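The values are calculated or read from the model by the stated rules, or taken from the named source; none is laboratory data. In this text the structure is predicted, and so the values were computed from the model without any measurement. Cβ placement follows ideal geometry from the backbone for every residue including glycine, while neighbour counts extend to all protein chains displayed. Calculation scope for accessible area: heavy atoms of the full protein, side chains included, ligands and nucleic acids excluded. Shrake-Rupley method; radii C 1.70, N 1.55, O 1.52, S 1.80 Å.
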Amino acid sequence: MIVQLQGAQMLQMLEKSLRKYLPESLKVYGTVYHMNHGNPFNLKALVDKWPEFNTVVIRPQEKDMANDLDYYTNTYQIFSKDPQNCQKFLDSPEVINWKQHLQIQSSQSRLNEVIQNLANIQSLHVNHSENFLFVAAETIKNLFPSLMDTKDLLPGGFKLKAINQDMFKLSSLDITHAPLVNKLWLFGGNEFSQRFIERCIKKFPSSCVLGPEGTPASWTLMDQTGEIRMGGTVPKYRTQGLVSFVVYAQEQLMKKRGFPIYSHTDKSNTIMQKMSHSLQHLRMPCAWNQWKCVPV
């Protein structure tokens, strides 16, 4: 059975239900939150039954997935209360178009076995990235306070390091900055990723500091799941505390709109992990996962 949730009431019920499963449901919860606030990426929510669903998949509309090679657009967010038994639902072509290049995102590493099984059945090559998931202390306090461990917070609270404000000016990104963001983004560097970045800049708030040249020296933006992502600093301006400054600025923008504040960091990137900790973002017991699937 496949049920598409339509209308504000059903989507608000879904958001409320997903809160009970945070932080494991975070990638889907953040996306549904966006859907309930204008749905800027025109996404749809599918469940295996309603209202007591086991598995939810958020995905674009078919008409927006016209390019079989564009796995930035062809992105799915998945949460399942029963990861061992969601294979049949995910195998359905109405739920996931396994014939395309695609990405699956989830805060549940337990989905890996199911996705690998489906990839074998569908003859796909899978590249799985598992990274640390960080959530702002304030978001934890508001949404799932039972996970709030105050001993993990810095004593004395957060102190933002000052930057040279004669040299750097706080601003937001515009479309002309997309090639620079794309060039330095670990998951970017191609024409599809650049289009995705342009779309995020158009649809969502972003933050940057402009250097003396009038171009971004450091920046961060957010995607359709509400995650702070794609941050970068031009090499010559690194180690000056700029990225902490722009992430903090972005956090204030998101807080005003009520977004959950979270991000991911590569397990080997200790510098960004320390920065997250300094901003009072705490590492979650679950991970940030992405599966890139390419037909063989």
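Listing for the model above:
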{"quantity": "Filter result for PHE196 (of a type in the set (Phe, Trp, Tyr) and under 27 Å from GLY258 (Cβ atoms))", "calculated": "yes"}
{"quantity": "In region 272-296, the residues that are small (Gly, Ala, Ser) and either closer than 15 Å to GLN108 by Cα or open to solvent by less than 10 Å² (accessible area, probe 1.4 Å) (or both)", "calculated": "SER276, ALA287"}
{"quantity": "Selection from region 174-200 of residues that are of a type in the set (A, V, I, L, M, F, W, C), part of a helix (DSSP H, G or I) and within 21 Å of ASN67 (Cα to Cα)", "calculated": "ALA178, PHE192, PHE196, ILE197, CYS200"}
{"quantity": "Residue within region 197-207 that is at positive phi and not hydrophobic (A, V, I, L, M, F, W, C) present", "calculated": "no"}
{"quantity": "Boolean, ARG195 is basic (Lys, Arg), surrounded by 17 or more Cβ atoms within 10 Å (Cβ to Cβ) and either within 20 Å of the chain's Cα centre (by Cα) or outside the structural domain of LYS27 (by the TED database) (or both)", "calculated": "no"}
{"quantity": "Residue tally, condition without any contact (Cβ under 8 Å) to a residue 40 or more places away in the chain and open to solvent by 30 Å² or more (accessible area, probe 1.4 Å), over region 100-116", "calculated": "3"}
{"quantity": "Selection count, region 231-258, where residues are more than 13 Å from ALA162 (Cα to Cα), open to solvent by 30 Å² or more (accessible area, probe 1.4 Å) and not in a strand (DSSP E or B)", "calculated": "10"}
{"quantity": "Count - residues of region 259-271 that are out of contact with any strand residue (DSSP E or B) (no Cβ under 7 Å at 6 or more places or on another chain) and surrounded by fewer than 21 Cβ atoms within 10 Å (Cβ to Cβ)", "calculated": "4"}
{"quantity": "Selection count, region 73-93, where residues are open to solvent by 10 Å² or more (accessible area, probe 1.4 Å) and under 27 Å from SER193 (Cβ atoms)", "calculated": "2"}
{"quantity": "Every residue from region 117-146 that is open to solvent by 70 Å² or more (accessible area, probe 1.4 Å), over 21 Å from GLU24 (Cα atoms) and part of a helix (DSSP H, G or I)", "calculated": "ASN120, ILE121"}
{"quantity": "Condition check for GLU15: touching a Phe, Trp or Tyr at 6+ places or on another chain (Cβ under 8 Å), open to solvent by less than 60 Å² (accessible area, probe 1.4 Å) and not in a helix (DSSP H, G or I)", "calculated": "no"}
{"quantity": "Residue within region 213-230 that is under 18 Å from PRO40 (Cβ atoms), open to solvent by 60 Å² or more (accessible area, probe 1.4 Å), at pLDDT 95 or above and in contact with an Asp or Glu (Cβ under 9 Å, 6 or more places away or on another chain) present", "calculated": "no"}
{"quantity": "Out of PRO93, PRO145, PRO83, sole residue that is more than 22 Å from the chain's Cα centre (by Cα) and not assigned by the TED database to the domain that holds THR225", "calculated": "PRO93"}
{"quantity": "Residue within region 34-54 that is surrounded by fewer than 22 Cβ atoms within 10 Å (Cβ to Cβ), polar (S, T, N, Q) and closer than 16 Å to GLN108 by Cβ present", "calculated": "yes"}
